[in-house]
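What follows is a short report on a single structure.
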Amino acid sequence: MEIIFMFIAGFIVFILAVIAIIKGVTHRIKSPTDDLKEEMSNLKKRVKMKRKPNYLFN
């Protein structure tokens, strides 16, 4: 009976480890994408701030 409990506990730990690995991999993939999106929005804001109004050139 104790052996069955040990196998069940081991299986639960194995499942938790697999879930943790999957979460870590998805975080490593998603994080650079979010950083790039943030950097692009910052650059767009900087370009808008540096752009001169059109009425000065008419």
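Data table
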{"read-out": "All lysines inside 17 Å of Lys48 as judged from Cα atoms, apart from same-chain residues fewer than 8 positions distant", "value": "Lys37"}
{"read-out": "Spin-label pair Lys48/Val25, simplified geometry with 7 Å Cα→Cβ offset, distance in nm", "value": "3.9"}
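Coordinate-derived values only; no laboratory data. In this text, all values refer to a predicted model and were calculated from it rather than measured experimentally. All Cβ positions, even for glycine, are placed from backbone atoms using ideal geometry, and neighbour counts span all protein chains on display.
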